[in-house]
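Engineer: Please find one structure pasted underneath; my questions will follow.
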Amino acid sequence: MAQMQMGAEGMQSLPALLQRNAAQFADAPAYREKEFGIWQCWTWAEAAKEIEALALGLINLGVNEGDFVAIIGRNRPYLYWSMVAAQAVGAVPVPLYQDAVAEEMAYVLGHCGARFVIVGDQEQADKVIEIQDQLHQFEHMIYLDPRGMRKYDHTQLHEFSHIQDQGRAARDELTGELQARQAKLTYDSTCVMLYTSGTTGKPKGVVLSNRNVIQSAKNSAEFDHLTLGENILSYLPMAWVGDFIFSIGQAYWCGFCVNCPESADTMMTDLREIGPTYFFAPPRVFEGQLTNVMIRMEDAGALKRKMFHHFLAHAKKVGGDILDGKPVGLMDRLKYALGNVLVYGPLKDTLGYGRIRVGYTAGEAIGPEIFDFYRSLGINLKQLYGQTEATVFITVQPDGEVRADTVGVPAPEVEIKIGDNGEIYYRSPGTFVEYFNNPDSTASTKDPEGWVATGDAGFFEEGSGHLRIIDRAKDVGKMADGAMFAPKYVENKLKFYPDILEAVLFGNGKDRCVAFINIDLTAVGNWAERNNIAYASYQELAGHPQVLESLREHVTAVNQSVAEDPMLSGCQIHRFVVLHKELDADDGEMTRTRKVRRRIVEEKFDDIITALYDGSEQVSTVTEVTYEDGRKGSISATLTIVDADVKPAAVHKVAAE
Amino acid sequence: MLDNSLSYVTEDGRTIGGVVMEMKNITLRFGGVVAIKDISFDIREGEIRAIIGPNGAGKSSMLNVISGFYVPQEGEVLFHGKKRPQMRPYEVARQGIARTFQNIALFEGMSVLDNVMTGRLNYMKTGLFSQALWKGKAEKEETENREVVERIIDFLEIQHIRKTPVSRLPYGLKKRVELARALAAEPKLLLLDEPMAGMNVEEKEDMSRFILDVNDEFGTTIALIEHDMGVVMDLSDRVVVMDYGKKIGDGTPDEVRNNQDVIDAYLGVSHD
C-alpha cells in the first residue's frame with residue numbers, strides 16, 4: 001500500500017526516488033562508465049541492486065543512523081552509489097575534494113567526525129592513513145580500486161566489492177533493518193553535507209536536507225524541461241554542490257543517465273563519445289576548447305580555413321538570434337542552415353556538443369566573446385548564479401533571454417532582495433539547513449526569516465529584470481567622490497583578453513583607480529614567438545615595450561566600456577603596471593582556487609601602489625618569493641608605469657548620488 | 001622444478017621463490033674484446049634484480065645474454081634448472097621472457113593500442129586469411145586479447161593516449177608504452193634496459209611506481225639495468241654490480257652500498 005501512495009509528494013528521499021526509478025524506468029540506463037576502453041552500463045534496476053547490496057554491507061560493517069560517511073575520489077558510479085547507500089542506512093554522506101592535501105582532509109574529517117571513509121584508490125587511502133592518528137572517531141575505510149592495496153593492514157580496511165558481497169550474503173537478516181531505516185527518512189532528513197571551499201577561513205559544512213535537494217532538482221528540471229532521456233557527463237568534483245545536484249538530484253528526479261569518464265585525462269574524448277544533451281562546465285573549459293579550435297584551424301588548409309571563418313562570421317551575425325527565436329531573414333536562415341551542414345555541425349560534433357539541448361556555465365564570469373561563439377553555433381549555453389548554501393540555484397537564464405553580462409532571473413520559488421549596500425539576499429526551498437556545528441556562522445549568514453546573505457553585490461537591470469553581479473560585497477567600496485568602486489567588474493573585463501591572466505584594481509577611497517596586470521605567459525609567449533621577439537624570462541617578457549603597448553590598448557578599450565556604465569564609470573584605470581611575477585598561491589597572494597587575496601597583495605606591493613599614485617614613471621622593487629619546495633628567495637625589478645587613456649563619463653555625477 | 005628451499009618473504013610482504021634463471025661462469029667475447037668475464041649470478045622468482053655498473057661495464061651485454069640474444073662463448077644459462085639451447089627471439093618470448101629497450105623500439109606510425117597489441121602476437125593463433133576477413137574465431141580472439149591489453153592500459157594509466165600515434169608522444173610516455181607492450185606478453189621474467197634513462201624526477205618516480213606495481217600485482221620477476229643509483233637501491237631486492245665486464249659485487253642494496261670495490265668503481269680510487 002505504501003508503495004502505491006508514492007506520488008510526487010511521497011518522493012521524500014533519494015532512496016525513495018531510486019526505488020521509483022528502479023520500478024518505473026527499470027531498463028533505462030542510469031550510469032555509464034568507460035572502463036577498459038568500453039562504456040559499461042547499469043540500468044536503474046541494476047543500480048538499485050548494487051546500492052542495496054552496498055547499503056546492507058554498510059549496516060553489516062556497523063554504520064549507524066546519523067554517522068558521517070566521507071567519500072573521496074574521482075567521479076565514478078560506485079562513489080555515487082555510496083552517497084545514496086549512506087543515505088539509505090540513515091547516515092550522512094560527506095563528499096570531499098579529491099585533490100585536497102592530507103591536512104585539509106584532516107580538518108574536514110575531524111570536524112564532521114567521520115567514522116567511515118570510502119575512497120577511490122590507493123592515493124586517497126594513503127592520505128587518510130597518514131592522518132588517521134588525528135581522527136579519533138575514524139573506524140573503517142572502504143576502497144574501490146584494489147590496485148596496490150593488497151599489502152595494507154586490513155583490520156580497518158575493506159574492499160568495496162567485499163562489502164557488497166557481505167551485504168548480499170546478509171540480505172535475509174538485514175533487509176528488515178534497511179527498510180526500517182529507509183522508512184524513517186523524511187523531507188527534513190539530512191541528504192548530504194558539503195564543505196565549502198573556504199576562501200575565507202576554515203571550510204564550513206553546509207547541511208542540505210532532502211527538501212533542499214529534491215525541491216531544487218525538481219524546480220530546475222522543470223525550468224529546463226529535463227527528461228528521462230538526458231545524458232550528462234559527470235566530471236566536476238563530487239564535493240561540489242553543482243555535481244551533487246546534476247549527477248544525483250536531477251538525475252534521480254528525472255531518471256536520466258550519468259556518464260563517468262575513464263580518467264581525468266580522457267575527459268574530452270569521453271565528452272565526444274557521449275555527446276551529452278545537458279552539460280555544465282566552468283568558463284575555463286569553454287575557453288580552452290575555443291583556443292584549441294582556433295589553433296587547429298590555423299594549421300588547416302586555406303579552403304577549410306576560409307570556409308570556417310566565413311561561416312563563423314555569419315553565425316556571429318545571426319546565430320544567436322536564431323537560437324533566441326528572434327526574427328531573422330530567409331536568406332540568412334538558409335545560409336545558416338548551409339553553414340550548419342558544412343561547419344557548425346561538424347565542429348559541434350568534434351567538441352562533443354552535437355546533441356546539447358541545455359548547457360550551463362557558472363562559477364566565474366565568462367568572456368562575452370566566448371559565450372557568444374558557442375551560442376552562435378546553436379549551442380544553448382546559459383548562465384546561472386548560485387552557491388552551495390542555496391543548493392545551487394539563485395538565478396538562471398530562461399531560454400531566449402540569454403546574455404553574457406547578466407545571470408538571469410530568480411529561479412523558480414526563489415525570492416531575492418537587494419540590501420542597502422547592494423548585497424544580494426535570497427530565500428528559497430533550497431536554502432540550507434545550517435552550517436554543521438557552527439551556530440554563529442549560521443546565524444550571521446541566515447536570518448530568522450530565512451534570508452541568506454550571498455556576500456555578492458548586484459542589482460536588477462531595469463527593463464529585463466535580470467540580475468547583474470558586480471562584485472563580492474566586501475570588496476565593493478566607494479571612491480573619494482562617492483562613486484561606486486567594484487574592482488572585480490573591471491578586472492573581469494581585463495581578464496577576458498587572452499594575454500591577461502590576472503588583474504588587480506585599486507582605488508577604494510582614492511580619487512582614481514590604478515591596476516596591476518599579470519600577463520598570460522602562454523598567450524604572450526606564443527605571440528612573441530610569432531613576432532620574433534626574443535625574451536629570456538617571464539620578467540623580461542612582462543616588461544617588453546611592445547607588450548606594454550598592446551596592454552595599454554586593452555586597458556583603453558576596457559575604460560571605454562566601463563565609461564558606458566553610469567554607475568561604475570569612476571572605476572576607469574588611470575595608470576597600470578605589469579607585474580614582474582605571477583601572483584601565486586605559494587606566496588599567499590592567491591587562494592588555492594586561484595582567487596586574488598586583495599589585502600595581501602595590497603600590503604606586499606605597497607611600494608608599487610604608491611608609485612602608481614605619485615606620478616613616477618618607474619619603480620624599483622624587491623619581492624620575496626617562495627619556491628615550490630618551500631625555500632624562499634627574492635627577485636628585484638624595475639617596472640615601467642603606463643598611463644592609460646581615460647574616457648569621459650557624461651552621466652557620472654548623477655549616478656553617484 | 002624450482003628449488004624452493006631459498007624462498008623467503010620480504011619486509012613488504014612479497015614472497016621470493018626459488019631460482020628461475022642461473023648464469024654460470026658466463027664469458028662473452030666480441031672478437032678480441034671481452035665484454036663479460038666469468039660472471040655467475042642467479043635471478044629468483046618474484047624478485048626485482050638490478051644490474052648496475054659504470055658506462056661500458058657490460059650491463060646491456062649481460063641483459064642480452066639473459067634474453068638469449070647473445071650466446072656466450074663460455075659458461076651456461078640455466079632457465080628453470082635446464083640448460084638453455086640457442087633460441088630465436090620468438091622462442092624466447094614463448095618461454096615467458098619480455099623486454100624493453102634502452103633506445104625505444106616502438107612502431108612509431110602505429111597507435112599506442114596497436115603497439116601494445118603486438119605484444120599479444122604469441123597468443124594469436126588464427127591465420128592471416130581469417131584475420132583479414134575478421135570472422136568467427138579471429139574476431140573472438142581479438143576481443144579476448146584486446147581485453148588483456150585494455151587491462152594493461154588501465155594499469156599503466158595510458159588511457160588518454162590509446163589512439164594516439166606513438167610518434168606524437170613525449171619520451172617518458174613512450175617508455176611507458178614500451179613497458180605496456182612487454183607486459184602484454186604476460187611475461188614471467190621481464191627485462192628492462194635502463195627504464196629511466198633520460199627521464200626527469202617526476203617521470204622516474206612514476207616509472208618506479210609502475211615497476212613496483214607490476215612486480216607486486218602480477219608477481220613478475222624483473223631484471224633491470226639502471227644508471228641511477230638512488231632508484232636502483234630503492235627498487236631492487238638484490239643488485240649485481242659490474243665493472244669492466246667483471247662482477248665486483250652482489251647482494252642486497254645495503255650490502256652493495258657498503259662494498260669497498262663498488263665504492264671504488266663508482267667514485268674512483270687514487271693511485272698513490
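The values are calculated or read from the model by the stated rules, or taken from the named source; none is laboratory data. It should be emphasised that the depicted structure is a prediction, and the values quoted were computed from it without experimental measurement. So basically every Cβ, Gly included, is an ideal-geometry build from the backbone, and we count neighbours across all protein chains shown.
Engineer: So, restricting to strands (runs of 3 or more DSSP E) that lie completely within the stretch A:434-540, which ones have at least 3 residues that are of a type in the set (Gly, Ala, Ser)? Don't jump to the end; show me each part of the working.
Structural biologist: Values: elements: A:452-460, A:467-472, A:500-506, A:513-519.
The strands (runs of 3 or more DSSP E) meeting that bar are A:452-460.
Engineer: Let me ask something else. I'm told A:THR43 meets every condition in (1) at pLDDT 95 or above; (2) buried (at least 22 other Cβ atoms within 10 Å of the Cβ) except one. Can you identify the failing condition by its number?
Structural biologist: (2)
Engineer: List the residue pairs whose Cβ atoms are under 9 Å apart, where the first residue sits in the stretch A:599-610 and is under 13 Å from A:LEU505 (Cα atoms), the second is part of a helix (DSSP H, G or I) and among the aliphatic types (A, V, I, L, M), and the two are 6 or more positions apart or on different chains.
Structural biologist: Sorted first by the residue in the stretch A:599-610, then by its partner, the pairs are A:GLU602/A:ILE609.
Engineer: Take the residues in the stretch B:143-156 that are more than 21 Å from B:GLU108 (Cβ to Cβ), within 9 Å of another protein chain (Cβ to nearest Cβ) and in contact (Cβ under 8 Å) with a residue 12 or more places away in the chain, then tell me which one is farthest from the chain's Cα centre (by Cα).
Structural biologist: Checking each candidate, the answer is B:ARG146.
Engineer: Test of understanding: among B:ARG44, B:ARG14, B:ARG29, which residue is under 18 Å from B:LEU235 (Cβ atoms) and either of a type in the set (S, T, N, Q) or more than 14 Å from chain A (Cβ to nearest Cβ) (or both)?
Structural biologist: On the way: B:ARG14 fails: either of a type in the set (S, T, N, Q) or more than 14 Å from chain A (Cβ to nearest Cβ) (or both); B:ARG29 fails: under 18 Å from B:LEU235 (Cβ atoms).
Among B:ARG44, B:ARG14, B:ARG29, only B:ARG44 is under 18 Å from B:LEU235 (Cβ atoms) and either of a type in the set (S, T, N, Q) or more than 14 Å from chain A (Cβ to nearest Cβ) (or both).
Engineer: Here is a follow-up. Could you grab the pairs with beta carbons closer than 6 Å, sequence gap of 6+ or different chains, first residue in the stretch B:69-89 and on the phi < 0 side of the Ramachandran plot, second one exposed (fewer than 12 other Cβ atoms within 10 Å of the Cβ)?
Structural biologist: Taking only residues 6 or more apart or on different chains, the pairs are B:VAL71/B:GLN86; B:GLU76/B:LYS83.
Engineer: Still on this model: What number goes with the only condition from (1) surrounded by 18 or more Cβ atoms within 10 Å (Cβ to Cβ); (2) touching a strand residue (DSSP E or B) at 6+ places or on another chain (Cβ under 9 Å); (3) more than 14 Å from every other protein chain (Cβ to nearest Cβ) that B:GLU186 does not pass?
Structural biologist: Every listed condition holds for B:GLU186 apart from (1).
Engineer: What is the residue count in the stretch A:472-501 for residues that are touching a Phe, Trp or Tyr at 6+ places or on another chain (Cβ under 8 Å) and within 27 Å of A:THR522 (Cβ to Cβ)? Before the answer, list the steps.
Structural biologist: Here is the first cut: in the stretch A:472-501, the ones touching a Phe, Trp or Tyr at 6+ places or on another chain (Cβ under 8 Å) are A:476-479, A:487, A:499.
If we keep only those that are within 27 Å of A:THR522 (Cβ to Cβ) too, we end up with A:487, A:499.
Total meeting the criteria: 2.
Engineer: Within the group B:MET207, B:MET196, B:MET229, which residue is more than 14 Å from chain A (Cβ to nearest Cβ) and surrounded by fewer than 19 Cβ atoms within 10 Å (Cβ to Cβ)? Step through it out loud before you land on a result.
Structural biologist: Working: B:MET207 fails: surrounded by fewer than 19 Cβ atoms within 10 Å (Cβ to Cβ); B:MET196 fails: surrounded by fewer than 19 Cβ atoms within 10 Å (Cβ to Cβ).
Result of the check over B:MET207, B:MET196, B:MET229: B:MET229.
Engineer: Among what's in the stretch B:74-102 and is more than 20 Å from B:ALA185 (Cβ to Cβ) and in a loop (DSSP other than H, G, I, E, B), pick the residue that is modelled with the highest pLDDT.
Structural biologist: Of the stretch B:74-102, the ones more than 20 Å from B:ALA185 (Cβ to Cβ) are B:74-76, B:78, B:81-83, B:85-86.
After this cut, where a residue has to be in a loop (DSSP other than H, G, I, E, B) as well, the list is B:81, B:85-86.
On the way: B:GLY81: 82, B:PRO85: 79, B:GLN86: 78.
The qualifying residue modelled with the highest pLDDT is B:GLY81.
Engineer: Just checking: which of the helices (runs of 4 or more DSSP H) contained wholly in the stretch A:287-352 hold 2 or more residues that are surrounded by 18 or more Cβ atoms within 10 Å (Cβ to Cβ) and not aliphatic (A, V, I, L, M)? Talk me through it step by step, then tell me what you get.
Structural biologist: Values: elements: A:302-324, A:330-339, A:345-351.
Hits in the stretch A:287-352: A:302-324, A:330-339.
Engineer: Ok, one more. Out of contact with any strand residue (DSSP E or B) (no Cβ under 8 Å at 6 or more places or on another chain) and of a type outside the set (A, V, I, L, M): does that describe A:LYS510?
Structural biologist: Working: out of contact with any strand residue (DSSP E or B) (no Cβ under 8 Å at 6 or more places or on another chain): yes; of a type outside the set (A, V, I, L, M): yes.
Yes.
Engineer: Further question: Would you mind finding the one in B:LYS163, B:LYS135 that is farther than 15 Å from B:ASP213 by Cα, within 14 Å of chain A (Cβ to nearest Cβ) and part of a loop (DSSP other than H, G, I, E, B)? Please lay out each step first, then the result.
Structural biologist: On the way: B:LYS135 fails: within 14 Å of chain A (Cβ to nearest Cβ).
Sole residue among the options that is farther than 15 Å from B:ASP213 by Cα, within 14 Å of chain A (Cβ to nearest Cβ) and part of a loop (DSSP other than H, G, I, E, B): B:LYS163.
Engineer: Can you tell me which residue is farthest from A:GLY319 (Cα to Cα) among those in the stretch A:372-402 that are touching a Ser or Thr at 6+ places or on another chain (Cβ under 8 Å) and part of a loop (DSSP other than H, G, I, E, B)?
Structural biologist: Filtering the stretch A:372-402 for residues that are touching a Ser or Thr at 6+ places or on another chain (Cβ under 8 Å) and part of a loop (DSSP other than H, G, I, E, B), the one farthest from A:GLY319 (Cα to Cα) comes out as A:THR391.
Engineer: Which members of the stretch B:103-130 meet the condition of being more than 23 Å from B:LEU183 (Cβ to Cβ) and either within 14 Å of another protein chain (Cβ to nearest Cβ) or surrounded by 12 or more Cβ atoms within 10 Å (Cβ to Cβ) (or both)? Break it down stepwise before answering.
Structural biologist: Filtering the stretch B:103-130 down to residues more than 23 Å from B:LEU183 (Cβ to Cβ) leaves B:127-130.
Matches in the stretch B:103-130: B:SER130 only.
Engineer: A:ALA443: farther than 18 Å from A:ALA411 by Cβ and in contact (Cβ under 8 Å) with a residue 12 or more places away in the chain, yes or no?
Structural biologist: No, not satisfied.
Engineer: Restricting attention to the stretch B:29-53, which residues are closer than 18 Å to B:ASP243 by Cβ, out of contact with any helix residue (DSSP H, G or I) (no Cβ under 6 Å at 6 or more places or on another chain) and either in contact (Cβ under 8 Å) with a residue 24 or more places away in the chain or crowded, with 21+ Cβ neighbours inside 10 Å (or both)?
Structural biologist: Scanning the stretch B:29-53 gives B:ARG29, B:VAL34, B:LYS37, B:ASP38, B:ILE39, B:SER40, B:PHE41, B:ARG49.
Engineer: Which of the residues spanning the stretch B:196-211 are touching a helix residue (DSSP H, G or I) at 6+ places or on another chain (Cβ under 7 Å) and either of a type in the set (Lys, Arg) or modelled with pLDDT under 90 (or both)?
Structural biologist: B:MET196, B:GLY198, B:MET199, B:GLU203, B:LYS204
Engineer: Further question on the same structure: Against the definition (under 30 Å from B:ASP38 (Cβ atoms), away from chain A (no Cβ under 14 Å) and surrounded by fewer than 13 Cβ atoms within 10 Å (Cβ to Cβ)), how does B:GLN86 come out, yes or no? Let's see the steps before the verdict.
Structural biologist: Details: under 30 Å from B:ASP38 (Cβ atoms): yes; away from chain A (no Cβ under 14 Å): yes; surrounded by fewer than 13 Cβ atoms within 10 Å (Cβ to Cβ): yes.
The answer is yes for B:GLN86.
Engineer: Of everything in the stretch A:249-272, what is crowded, with 16+ Cβ neighbours inside 10 Å and among the acidic types (Asp, Glu)? Give them in sequence order.
Structural biologist: Correct list: A:GLU262, A:ASP270.
Residue by residue, here is whether (1) crowded, with 19+ Cβ neighbours inside 10 Å; (2) under 28 Å from the mean Cα position of the chain (by Cα) holds:
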| position | (1), (2) |
| --- | --- |
| A:GLY570 | yes, no |
| A:HIS574 | yes, no |
| A:VAL577 | yes, no |
| A:ARG597 | yes, yes |
| A:ILE600 | no, yes |
| A:ALA611 | yes, no |
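Engineer: Now, a different point. Being in contact with a strand residue (DSSP E or B) (Cβ under 6 Å, 6 or more places away or on another chain), hydrophobic (A, V, I, L, M, F, W, C) and within 14 Å of another protein chain (Cβ to nearest Cβ) is the filter here, so list the residues in the stretch A:19-74 that pass it.
Structural biologist: A:TRP39
Engineer: What do you reckon, is B:GLY119 of a type outside the set (A, V, I, L, M, F, W, C) and touching a Ser or Thr at 6+ places or on another chain (Cβ under 9 Å)?
Structural biologist: Values: of a type outside the set (A, V, I, L, M, F, W, C): yes; touching a Ser or Thr at 6+ places or on another chain (Cβ under 9 Å): no.
Answer is no for this residue.
Engineer: Which members of the stretch B:166-182 meet the condition of being among the hydrophobic types (A, V, I, L, M, F, W, C) and either surrounded by fewer than 18 Cβ atoms within 10 Å (Cβ to Cβ) or within 14 Å of another protein chain (Cβ to nearest Cβ) (or both)?
Structural biologist: Residues of the stretch B:166-182 that are among the hydrophobic types (A, V, I, L, M, F, W, C), as a first pass: B:166, B:169, B:173, B:177, B:179-180, B:182.
Within the stretch B:166-182, B:LEU169, B:LEU173, B:ALA180 qualify.
Engineer: Have a look at A:GLU52, A:GLU103, A:GLU33 and point out the one that is under 30 Å from A:PRO276 (Cβ atoms), among the acidic types (Asp, Glu) and under 29 Å from the mean Cα position of the chain (by Cα). Can you show your working first?
Structural biologist: On the way: A:GLU52 fails: under 29 Å from the mean Cα position of the chain (by Cα); A:GLU103 fails: under 30 Å from A:PRO276 (Cβ atoms).
The conditions single out A:GLU33.
Engineer: Let me ask something else. From the list B:ALA138, B:ALA132, B:ALA93, which one is within 30 Å of B:ALA197 (Cβ to Cβ) and not aromatic (Phe, Trp, Tyr)? Steps first, answer last, please.
Structural biologist: Numbers: B:ALA138 fails: within 30 Å of B:ALA197 (Cβ to Cβ); B:ALA132 fails: within 30 Å of B:ALA197 (Cβ to Cβ).
Only one candidate passes the filter, namely B:ALA93.
Engineer: Name the helices (runs of 4 or more DSSP H) wholly within the stretch A:130-246 that hold at least 1 residues that are surrounded by fewer than 17 Cβ atoms within 10 Å (Cβ to Cβ) and touching a residue at least 60 places away in the same chain (Cβ under 8 Å)?
Structural biologist: Fully inside the stretch A:130-246 and qualifying: A:160-169, A:171-183, A:210-223.
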